Amino acid sequence: MITISIVITIFILLSMSSILGILVFVVDTKWIPKIIIDLYSYGKSCEGKVFGSSIRTILIPKSWFTHFYVFGVFYTFLVLITMMWKIVLKNQLSKLVTSYISFVSPYTHNPLASTELSLLAAVLFFLQTSRRLYECLCVTVFADSKMNLGHYLVGYLHYWGCATVILSYSADYSRTNDFVWIPSSNDIPLQPIFGIILFTLAFYHQYIAHVSLANLRKDPKNKQKHSLPKNGLFNYVSCPNFLCEIIIYVSLYIILGFNHYPWALITFWVLTNQIMTATMTHNWYKSKFKEFPKTRRAIIPFIY
């Protein structure tokens with residue numbers, strides 16, 4: 001019997017959507033139906049646009065990003081508790097929990113990552129989600145930018161899917177007998193250490209980028225005004241925060257191991273999504289600021 005993982009299917013569809021989005025904003029948009037461009041537009045790219053009635057009905061404030069970070073922190077915390085209950089305390093999970101895991105991501109083979117590395121990835125993902133929630137509540141100065149309902153729902157799917165993948169591929173939760181601890185190699189774990197260092201650097205620089213963007217609007221008079229960010233990584237790319245997002249997910253992939261194909265898919269989805277959004281933002285900056293540096297790239301220094 002062929003089992004279909006709901007969470008894997010969702011990330012495949014999201015990746016395909018992002019690839020289409022990259023094509024939309026890289027090719028000549030005059031050949032693209034307006035409704036397609038409008039569906040992908042959000043934030044800065046929505047400003048000054050005249051949307052059709054069908055799109056206007058699903059536009060919501062971009063500040064609602066905060067909602068799915070609240071959800072992400074709560075759900076990832078539940079995942080952490082579940083993993084520690086089973087893996088560390090070696091207690092049995094309820095039938096309801098195991099049925100849920102089997103339903104969204106049926107998996108009956110050996111775990112793809114060691115239990116301690118899966119726990120480490122879950123902790124780091126929780127820290128990342130918590131920091132993003134903190135930034136939304138205490139750092140980011142939201143303008144009256146808009147996004148459509150689709151972007152909003154994708155945020156929930158993303159954080160639900162990432163935490164669910166870490167949980168469901170760390171152990172066979174369908175086992176009812178004594179849980180078997182699966183340790184990593186006794187050798188010096190250079191790969192996870194490298195992943196942690198990479199995660200920490202990206203974690204820090206993403207925060208700095210978000211603070212820099214927020215500082216451009218600290219003055220109430222500039223809350224609705226867009227300025228060209230400068231200095232730091234902004235000297236090289238228009239969207240260092242998106243670059244750091246990619247690196248964060250790559251670092252978790254390194255920690256979980258290269259045979260962890262579900263996280264490889266998530267990393268690919270994040271890569272395509274961030275490139276798409278960076279392309280959109282980069283094009284907007286170039287169209288609005290005459291002083292835009294010609295050597296600045298969208299998201300990958302010196303390349304793109």
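Criterion first (out of contact with any strand residue (DSSP E or B) (no Cβ under 6 Å at 6 or more places or on another chain) and within 16 Å of F125 (Cα to Cα)) does I303 satisfy it? It is false that I303 is out of contact with any strand residue (DSSP E or B) (no Cβ under 6 Å at 6 or more places or on another chain) and within 16 Å of F125 (Cα to Cα). With respect to (1) buried (at least 20 other Cβ atoms within 10 Å of the Cβ); (2) touching a Lys or Arg at 6+ places or on another chain (Cβ under 7 Å), the lone exception for N273 is condition (2).
Within the bounds of the stretch 261-276, is there any residue that is over 30 Å from S170 (Cα atoms), in a helix (DSSP H, G or I) and modelled with pLDDT under 95? Checked the stretch 261-276: at least one residue is over 30 Å from S170 (Cα atoms), in a helix (DSSP H, G or I) and modelled with pLDDT under 95. For the stretch 125-176, residues that are among the acidic types (D, E), under 24 Å from L213 (Cβ atoms) and assigned to a loop (DSSP other than H, G, I, E, B) total 1. Out of L149, L112, L124, one residue alone is buried (at least 18 other Cβ atoms within 10 Å of the Cβ) and either on the phi > 0 side of the Ramachandran plot or at pLDDT below 90 (or both). It is L112. When each of S227, S170 is tested for being more than 30 Å from K294 (Cα to Cα) and at pLDDT below 95, the lone residue that passes is S170.
For Y40, the requirement of being modelled with pLDDT of 70 or more and either within 24 Å of the chain's Cα centre (by Cα) or of a type outside the set (A, V, I, L, M, F, W, C) (or both) is not met.
Can you find a residue that is more than 20 Å from Y253 (Cα to Cα), touching a Phe, Trp or Tyr at 6+ places or on another chain (Cβ under 6 Å) and of a type in the set (A, V, I, L, M) anywhere in the stretch 105-117? No.
Results for (1) more than 28 Å from L256 (Cα to Cα); (2) modelled with pLDDT of 90 or more; (3) touching a Lys or Arg at 6+ places or on another chain (Cβ under 6 Å), shown as yes or no for each residue.
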residue	(1), (2), (3)
N177	no, no, no
G195	no, yes, no
T200	no, yes, no
H205	no, yes, no
L216	yes, no, no
D219	yes, no, no
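Residues considered: K225, K230, K286. Of these, the only one that is within 30 Å of P61 (Cβ to Cβ), assigned to a helix (DSSP H, G or I), more than 21 Å from the chain's Cα centre (by Cα) and among the charged types (D, E, K, R) is K286.
Counting residues in the stretch 107-115 that are touching a residue at least 12 places away in the same chain (Cβ under 8 Å), outside any helix (DSSP H, G or I), of a type outside the set (F, W, Y) and in contact with a His (Cβ under 7 Å, 6 or more places away or on another chain) gives one or more. Condition first: under 22 Å from P61 (Cβ atoms) and more than 19 Å from the chain's Cα centre (by Cα). Can you find one or more residues in the stretch 119-135 that meet it? No, that holds for no residue. Within the stretch 258-265, one or more residues are more than 27 Å from S287 (Cα to Cα), under 13 Å from the mean Cα position of the chain (by Cα) and buried (at least 22 other Cβ atoms within 10 Å of the Cβ).
Taking the stretch 83-106 as the range and being closer than 14 Å to S170 by Cα and within 22 Å of the chain's Cα centre (by Cα) as the test, the residues that pass are M83, I101, S105. Yes or no: Y204 among the aromatic types (F, W, Y) and closer than 18 Å to T140 by Cβ? Answer is yes for this residue.
The values are calculated or read from the model by the stated rules, or taken from the named source; none is laboratory data. All of these numbers come straight from a predicted model, not from anything done at the bench. Counting neighbours? That spans all protein chains shown, and the Cβs are built from the backbone with ideal geometry, glycine included.
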